[in-house]
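Student: Dropping a structure here in structure tokens format, bear with me for questions.
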Protein chains: 2
Amino acid sequence: MSKKIRAGIIGGSVNNGWAKGTHIPAIEHLNEVELTAVGTSNMESAKKSAEAFQAAHAFDKAEDLAQHPDVDMVVVSVNVQEHYRAVKAILPAEKPIYCEWPLGSNTTEALEMQDWVESRQLNNAIGLQARQAPAVNYVKDLVADGYVGKVLSANLKISIDGMGGVGDKASAYLYDRKTGGNLFTIVGGHNLDAFTYMLGEFKELSAVTAQQFPEVELVDIQKVMEKTTDDQILITGKLDNDAVANVHIQGGVKHQTGLTIEIFGDKGTIVLDAPATIQFGSHQLRGAGPDDSELQELLIPDHYYRVPDSLKNDAGFVLNVAQAHRTFAKDIHEGTSQAPGFAEAVKLHQLLDAVEKAAQTGERQYL
Amino acid sequence: MSKKIRAGIIGGSVNNGWAKGTHIPAIEHLNEVELTAVGTSNMESAKKSAEAFQAAHAFDKAEDLAQHPDVDMVVVSVNVQEHYRAVKAILPAEKPIYCEWPLGSNTTEALEMQDWVESRQLNNAIGLQARQAPAVNYVKDLVADGYVGKVLSANLKISIDGMGGVGDKASAYLYDRKTGGNLFTIVGGHNLDAFTYMLGEFKELSAVTAQQFPEVELVDIQKVMEKTTDDQILITGKLDNDAVANVHIQGGVKHQTGLTIEIFGDKGTIVLDAPATIQFGSHQLRGAGPDDSELQELLIPDHYYRVPDSLKNDAGFVLNVAQAHRTFAKDIHEGTSQAPGFAEAVKLHQLLDAVEKAAQTGERQYL
């Protein structure tokens, strides 16, 4: 077996729900990666977190974490506003970087970040872990193998109760368009990425966006702030395979929340349901192929699960991130690029830009 | 009670599935309308049909039917291509006209037909009978009464197995764009009409259309013909109430067919499901208002059923047409315009035109 990859996580605080809930348990389950360092914004919390997660080292500066000889790979799991600065800080260490999605607060930042890692030939991964989900890969393969025949149309509907008119202090940045982290970029980004990963890229699109909630109430601090982010995003267009595509992303919805992806072909149909945004897992698959008269549950073949048995019952929240780390570890060892990287992130940023431009101008965008 | 309205049906043949399945049984159930005349394209079938339906008179010319003193009101229930000519023929009789949807093969015809009836001040009705459906009116009232609060978004999805790549000789006209009768105008028209009736008009829209099936196989005559009609129509836009709207109309789909309308508000949600296009009925309503934690079945109050008890168990196919005839009979007696008429039909033709223009140009249309 290859040498274990020693990971340092920037934003690996016990107070950071995301890393604590995903990267850290994912790495714990894997043989090929181990956690050696935690970086947070102050040394006290860093030490507490390193101790809690049994990491050898604690840092309050990203550059110090990256430079440490016991760190082989750096995960950037901080607020999206800090991605650019964090990646810039760790760059001189010239180590592989796994950065959470969105890559930058905007496409300009993301393009620069892509240039940084590519000019240095650093292994890089973007946290679009829905691409690692067993159900997503199974659907991708079914579509490619002709299970539904020619794809006529595909619908993606994701509705969540959050990111509407009610939030809290910790999530306030999600309602400020400038930060780059919001319903459209995060929920929309992950789901659109999985959608196009399974079905192919958009070649043209139109869009409608709206802010049905012009304000958000931060309930824990009893404050109302202006909301500059969209809570309704509708996209229609055509994919490279000539299927028409219909996307509805909405926040602040009280009922009927969750995800539904329907793929209609001239010979069959696939439906993927989930209770929440696609990267969180809990996918339910139904399908009917050329010989089926009606939809039935599709069981995902075992080989789509590339994790230790200890993770196989995870609904996807940790499993998808574990599969991402496993893929990235292999990339690092073998010099491959199987994990989606900053280039894919830039492409997704550009897709989101095209959606925004279509919504603003009312003109179909050709990609 | 007012005098019974004596109806003549052009296209009231025993061989015409539509009139035989809707207008004729609907009129049989009503006290205020009776069938007195049947017109078809030849006297033999007209006589046979009149006898079968116990109508006193048979005609092979629309103008003769309309002029007969025993006919008070004329129903035009022929192929859409014949609507313009049929309405023109019966016009000199200056009697109320109930014409099936689509009114004309195109908006130019429809505008002329509107002018004909309005300049003569003839009572007129258009066969958009989903507006008569109890569920549709109940939803319209619930939305108006604030059951869901402010409407954030509304989705309309109608998928049918027909009108794709397989048809038969009798339905061949549905695949020829010139006739004006196709998936978009018929299925799209009825469903969009009910959607905007419940929720308000579109003020802007974008659209995507596609012909995923470029040919249609007419199975009974083993012939393949070119198909010039769209089988995929996607519309996104905003309604007058600022809700965003998302419409997907598709034909030639093997599974997951039927209708779903979802109305998302900031205080509640309504879902209308049906196994087929909206004017056929069999509507299932679920909803959650401001005080409900989850969706539950919504029972339609009895007063939305304005038909004799003998029709109350009808799923809507006949009931909606019966309610239309009852409404139109009242209009005729009282000089009102409660039934949707040619003006509403023209408005719908114009909405469809805007969708086509948006799809062709890629530019958002403002209505």
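Student: Ordered shortest first, which distances in nm separate the 7 Å Cα→C-beta label point of B:GLU118 from those of the other copies?
Tutor: The answer, with the shortest distance listed first, is 5.9 nm.
Student: Which angle from 0 to 90°, rounded to the nearest 10, does the C-alpha axis of helix A:43-52 make with the longest principal axis of chain A?
Tutor: With both axes taken from Cα atoms, the answer is about 70 degrees.
Student: What list of ³J(HN,Hα) couplings, whole Hz, do you get for the range A:192-201 from phi and the Karplus terms 6.51, -1.76, 1.60, once you set θ to phi - 60° and write x for glycine and proline?
Tutor: 5, 4, 5, 4, 6, 4, 6, 10, x, 7
Student: Among rounded, prolate and oblate, which fits the range A:287-357 when a ≥ b ≥ c are the square roots of the eigenvalues of its C-alpha gyration tensor, a/c under 1.5 means rounded, and a/b larger than b/c means prolate?
Tutor: Note, shape of the range A:287-357 comes out oblate.
Student: Amide H neighbours of A:GLY127 under 5 Å, at least 5 residues apart or on other chains, H built in the peptide plane: list them.
Tutor: Placed amide hydrogens put A:CYS99, A:GLU100, A:TRP101 under 5 Å from A:GLY127.
Student: Okay, moving on. Two-decimal Rg/Rh of the protein assembly as shown from alpha-carbon positions, Kirkwood Rh? Can you show the working numbers first?
Tutor: Working: Rg = 30.0 Å, Rh = 28.1 Å.
Value, to two decimals: 1.07.
Student: Say a label goes 7 Å from Cα toward Cβ at A:PRO214 in every copy; what distances in nm does this one have to the rest, shortest first?
Tutor: So the label point of A:PRO214 gives 5.0 nm to the other copies.
Student: Let me ask something else about it. Note the angle between two axes, namely the Cα long axis of helix A:319-334 and the longest principal axis of the Cα atoms of chain A, as a number of degrees from 0 to 90, rounded to the nearest 10.
Tutor: The two axes meet at around 70 degrees.
Student: Another question about this same structure. Place the label 7 angstrom along Cα→C-beta at B:GLY335 and in each other copy, then list the distances from the first to the rest in nm, shortest first.
Tutor: For B:GLY335, the other copies' label points sit at 9.2 nm, shortest first.
Student: Continuing with this model, one more query. Would you please give the residues with an amide H less than 5 Å from that of B:PHE59, counting only those at least 5 places away or on a separate chain, with H modeled from the backbone geometry?
Tutor: For B:PHE59, the qualifying residues are B:VAL38, B:GLY39, B:THR40.
Student: Ok, one more. Enumerate the whole-percent occupancy of each 5 Å bin, from 0 to the last occupied one, for all C-alpha pair distances of the range A:100-231.
Tutor: Taking every Cα pair in the range A:100-231, the percentages come to 2, 9, 14, 17, 17, 15, 13, 8, 4, 1, 0.
Student: What number comes out for the charge environment of A:PHE184, summing +1 per Lys or Arg and -1 per Asp or Glu over other residues with Cβ under 14 Å away?
Tutor: On the way: positive: A:ARG177, A:LYS178, A:LYS227, A:LYS357; negative: A:ASP176, A:ASP193, A:ASP230, A:ASP231, A:ASP353, A:GLU356.
Taking every other residue near A:PHE184 into account, the sum is -2.
Student: Take each of the peptides B:337-344, A:4-11, average the number of other beta-carbon atoms within 10 Å over its residues, and list them starting from the highest.
Tutor: A:4-11, B:337-344
Student: Additional query: Rounding to the nearest 20 debye, state how big the charge dipole of the protein assembly as shown is about its Cα centre with +1 on each Lys and Arg Cβ and -1 on each Asp and Glu Cβ. Working shown, then result.
Tutor: Values: 64 positive and 98 negative charges, 30 e Å.
For the protein assembly as shown, the charge dipole is close to 140 debye.
Student: Rg and Dmax of chain A, Cα atoms, in Å?
Tutor: Rg then Dmax for chain A, in Å: 20.3, 62.
Student: Under the definition of partner shielding as Cβ atoms of other protein chains within 10 Å of a residue Cβ, what is the mean value for peptide B:262-274? Can you show the working numbers first?
Tutor: Details: counts 6, 1, 11, 4, 7, 1, 2, 6, 2, 2, 0, 0, 0.
What the average comes to for B:262-274 is 3.
Student: What ³J(HN,Hα) values, in whole Hz, does the Karplus curve 6.51 cos²θ - 1.76 cosθ + 1.60 give for the range A:160-167 when θ = phi - 60°, with x put for Gly and Pro?
Tutor: Residue by residue, the range A:160-167 yields 10, 7, x, 6, x, x, 10, x Hz.
Student: If you don't mind, there's one more thing I want to ask. What list of whole percents do you get for P(r) of the range B:5-122, with Cα-Cα distances grouped in 10 Å bins up to the one holding the largest distance?
Tutor: Per 10 Å bin, starting at 0, the Cα pair percentages come out as 15, 50, 30, 4.
Student: What is the local net charge at A:LYS157, summed over the other residues whose Cβ is closer than 11 Å to its Cβ (Lys, Arg +1; Asp, Glu -1)? It would help to have the intermediate numbers written out before the result.
Tutor: On the way: positive: B:LYS157; negative: A:GLU262, A:ASP273, B:GLU262.
Once positives and negatives cancel, what remains is -2.
Student: Of A:SER206, B:VAL33, B:PRO69, which is farthest along the charge dipole of the protein assembly as shown in the positive direction, counting Lys and Arg as +1 and Asp and Glu as -1 at C-beta?
Tutor: The residue sitting farthest along the positive end of the dipole is A:SER206.
Student: A follow-up question, please. Explain nothing, just compute: Karplus ³J(HN,Hα) = 6.51 cos²θ - 1.76 cosθ + 1.60, θ = phi - 60°, for every residue of the range B:228-243 in order, whole Hz, x for Gly and Pro.
Tutor: Along the range B:228-243, the couplings run 10, 9, 7, 10, 9, 9, 10, 10, 10, x, 10, 8, 4, 8, 6, 5 Hz.
Student: Test of the criteria: in the range B:102-159, which trypsin sites (Lys or Arg not before Pro) are in a DSSP loop and have at most 16 other Cβ atoms within 10 angstrom of their Cβ?
Tutor: Numbers: sites: B:ARG120, B:ARG131, B:LYS140, B:LYS150, B:LYS157; in loops: B:ARG120, B:LYS150.
Taking the range B:102-159 and a limit of 16 other Cβ atoms within 10 Å, the loop trypsin sites (Lys or Arg not before Pro) found are B:ARG120, B:LYS150.
Student: Can you give the calculated 222 nm mean residue ellipticity of the protein assembly as shown, where each DSSP H run of n ≥ 4 adds -39,500 (n - 2.57) and the sum is split over every residue, rounded to the nearest 500 deg cm²/dmol?
Tutor: Values: 20 runs with 214 residues, N = 734.
Calculated mean residue ellipticity at 222 nm is -9000 deg cm²/dmol.
Student: Can you name the residue in chain A whose Cβ lies closest to the A-to-B rotation axis, and give that gap in whole Å?
Tutor: Closest Cβ on chain A to the axis mapping it onto B, in Å: A:SER206, 2.
Student: Based on Cβ point charges of +1 for Lys and Arg and -1 for Asp and Glu, what charge dipole magnitude is obtained for chain B about its Cα centre, in debye rounded to the nearest 20? Please report the intermediate quantities before stating the final value.
Tutor: Working: 32 positive and 49 negative charges, 63 e Å.
Approximately 300 debye in magnitude.
Student: Continuing with this model, one more query. What does DSSP give for the protein assembly as shown in terms of the percent of beta bridges that are antiparallel, rounded to the nearest 5? Don't skip to the answer; put the middle values down first.
Tutor: Values: 87 of 145 bridges.
That works out to approximately 60 percent antiparallel.
Student: Taking the Cα centroid of the range B:184-201 and of the range A:125-203, what is the distance between the two, rounded to the nearest whole Å?
Tutor: Centre-to-centre (Cα) distance: 30 Å.
Student: Separate question: Compute the signed sum of charges (Lys and Arg +1, Asp and Glu -1) over the other residues within less than 15 Å, Cβ to Cβ, of A:LYS140.
Tutor: Values: positive: A:ARG131, A:ARG306; negative: A:ASP141, A:ASP145, A:ASP193, A:GLU201, A:ASP240, A:GLU344.
Value of the local net charge: -4.
Student: Also, quick follow-up: Which value, in debye to the nearest 20, gives the size of the charge dipole of the range A:5-122 about its Cα centre, when Lys and Arg are +1 and Asp and Glu are -1 at the Cβ?
Tutor: On the way: 9 positive and 17 negative charges, 42 e Å.
The dipole magnitude comes to about 200 debye.
Student: In addition: Other chains near B:232-240: what is the mean number of their Cβ atoms within 10 Å of each residue's Cβ?
Tutor: Details: counts 7, 2, 12, 5, 12, 3, 4, 0, 0.
Going residue by residue through B:232-240 and averaging, the value is 5.
Student: Same structure, new question: Please list the non-local residues whose amide H lies under 5 Å from the amide H of A:LEU218, H modeled 1.01 Å from N, same-chain partners needing a gap of 5 or more.
Tutor: HN-HN under 5 Å from A:LEU218: A:GLY167, A:LYS223, A:VAL224, A:MET225.
Student: Can you give the relative contact order of chain B as a percent, counting alpha carbon pairs under 8 Å and 6+ residues apart? Write down the numbers at each step before the final one.
Tutor: Numbers: 852 pairs, mean separation 69.7, N = 367.
Computed value for chain B: 19 percent relative contact order.
Only the coordinates and a few stated rules stand behind these numbers; no lab work does. A quick note: this is a predicted structure, and the numbers were derived from the prediction, not measured. Note that we place each Cβ from the backbone using ideal geometry, even for glycine, and neighbour counts take in every protein chain shown.
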